Amino acid sequence: MTAPAEADRFATRNLGSGVVILVAGAAVGIAALLMTVRSGVSEWSFAITFGALIAIGEMVQFNVYGNRNRAPIATSAALGYAMLRGPALTPPDIAQIITVVGIATMIGVAPRAVSGLRWDVVVSCRRVLSVACAAVVFSALIPESESWNGSWRQSMPIIGAMFLGVLAAGLTDALIGAGQATERYNRPFPAGLRDELVILGQIGMAMGIGGVLLAAGTSLVGLWAPPLVVVPLLLTQFAFRRFASAQRTYRTTVRSMARSTEIAGFSSPGQNARTATLAVAIGNDLGLTPGRMEALEYAALLSGVGQLALADPSPGGASLLRTREERQRAAEIGASVIERSGVLDHVAEIVRHSNDPYRQGRANNADIPVESGIVNVALAYEQLVGEGSGQSPDKAMESIGLGIGAEYDPVVVESLRRVIGRGFRF
């Protein structure tokens, strides 16, 4: 993940470059609509069928890794409509493809907007633009006069063009997504692009293959194909939603465990959440992968769980006032508790070393995750600057700077300086 999960139901990615994407999408959509109105719609039955699939897919979209909006059915249906080349049908031109996909997308997200469900207008616009790229690439490779005739020699170029169209759509969306991640979360662009390409390989591949199957099946047997091909798409949707549901369950459980230290008085109200927010900002700056980011956030939230085994709470939740031995014993106990979940072993490892001094820890042992150093620095900064602490960011950075190389990882401290320099505040 690349950001805390708390998000507006109507996500606009704080606008920024999103405005450019929306303006570009609106301009392309309006131009396509005018051209379609002028030339007329071909094959109404196909347009309505695929438009309905796209709309339904948008209605049942979901989020993965906290902030990545996905609509497998809508994406596959849009890609399928962009690559129709049947012997008994007139393939839609690029303008009609964009028009149908755009209108169907708006119809699909309208119920979500009315009911208050979360949706991302920029991501929906990105889907339309990426499908437009797929249509342009496919049409450039396979002219409208070319269609399936049953021979393998003739079919292979069409299949190859389909996969190139899908690849063009995926790369377009990945590049835009990486740019947005760089702008919104201050992630290095290469790291943002890497994350988008990983998601493209994990989820995009299934959506792309679904689009190819829809296009090929419908081109050959007509509108009998979508009901058959939509079954594996529904299974894909179900699998992705189960994954997203598991993520939400883990997050809810972790946050409940984190609040236990606040209820018991071992941390100040909101301390764990503030520490996690800063840790995530540092992880973004260092370009950690989504999986490591998720583990980092969980570890920051649970870093104080082991204190529940200590005799007395620290005043105001200031665990730094405890002795080194107490802090490390609490970290070991916390790691043991987390390990009992059976699914958060990497989180437990981060917590286990979250109070290790850098010079005796990661400086001599590369197996200790950098996330442990991030939690250590984030917790120290929160306890210096957080509610009731009274120190200014500059004074806190000065205090932390005194421990560079001994207590704190120099790479993490430099990342913290960049994060604070960009205006981060609790």
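Numerical summary
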quantity	calculated
Heavy-atom accessible area ranking, 1.4 Å probe, most first, across GLU262, GLU325	GLU325, GLU262
Degrees, to the nearest 10: 44-59 long Cα axis against longest axis of the chain	10
Table column - 3J(HN,Hα) (Hz), region 247-257, Karplus curve with 6.51, -1.76, 1.60, x for Gly and Pro	4, 5, 5, 4, 5, 4, 5, 5, 5, 5, 5
Accessible area expressed per residue, region 227-305, with surrounding protein chains retained (probe 1.4 Å, Å²)	40
Burial ranking of peptide ranges 124-130, 138-144 (average Cβ count within 10 Å, highest at the top)	124-130, 138-144
Built amide H within the under 5 Å cut-off of GLY287, gap 5+	none
Within the chain, helix-based [θ] at 222 nm, where runs of 4 or more DSSP H residues each add -39,500 (n - 2.57), nearest 500	-22500 deg cm²/dmol
³J(HN,Hα) computed for each position of region 204-220 - Karplus, 6.51 cos²θ - 1.76 cosθ + 1.60, integer Hz, glycine/proline x	x, 4, 5, 5, x, 5, x, x, 5, 5, 4, 5, 5, x, 5, 4, 8
Reduced Cα scattering model of region 41-187, Debye log10 I(q)/I(0), q = 0.15 Å⁻¹	-0.77
Over region 172-243, relative contact order from alpha-carbon pairs under 8 Å, at least 6 apart, %	20
Residue with peak Gaussian network fluctuation, the chain [Cα springs, cutoff 10 Å], from THR252, THR236, THR105	THR252
Angle between the chain longest axis and helix 94-115 axis [Cα atoms, degrees, rounded to 10]	50
Whole-Å semi-axes of the ellipsoid equivalent to region 142-214 (Cα gyration tensor, √5λ, descending)	33, 11, 8
Cβ-placed point charges (K, R +1; D, E -1), dipole of region 371-426 about Cα centre in debye, nearest 20	240
Coil-residue trypsin sites (Lys or Arg not before Pro) of region 341-426, DSSP, other Cβ within 10 Å capped at 11	ARG422, ARG425
Built amide H within the under 5 Å cut-off of TYR408, gap 5+	TYR358
Within the accessible area of the chain (1.4 Å probe), percent carbon and sulfur	64
Long-range HN-HN contacts of TRP119 with modeled amide H, under 5 Å	PHE10, ALA11
Phi-based couplings in Hz for region 348-355 (Karplus 6.51, -1.76, 1.60; Gly and Pro marked x)	4, 5, 5, 5, 4, 9, 6, 10
Simple Cβ-charge dipole of region 23-166, Lys/Arg +1 and Asp/Glu -1, about Cα centre, in debye nearest 20	380
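The values are calculated or read from the model by the stated rules, or taken from the named source; none is laboratory data. Please read these numbers as outputs of a predicted model, since none were measured by experiment. Every residue, glycine as well, gets a Cβ built from its backbone with ideal geometry; the counts of neighbours run over all protein chains shown. With ligands, DNA and RNA removed, areas are computed over all heavy atoms of the protein, side chains included. Shrake-Rupley method; radii C 1.70, N 1.55, O 1.52, S 1.80 Å.
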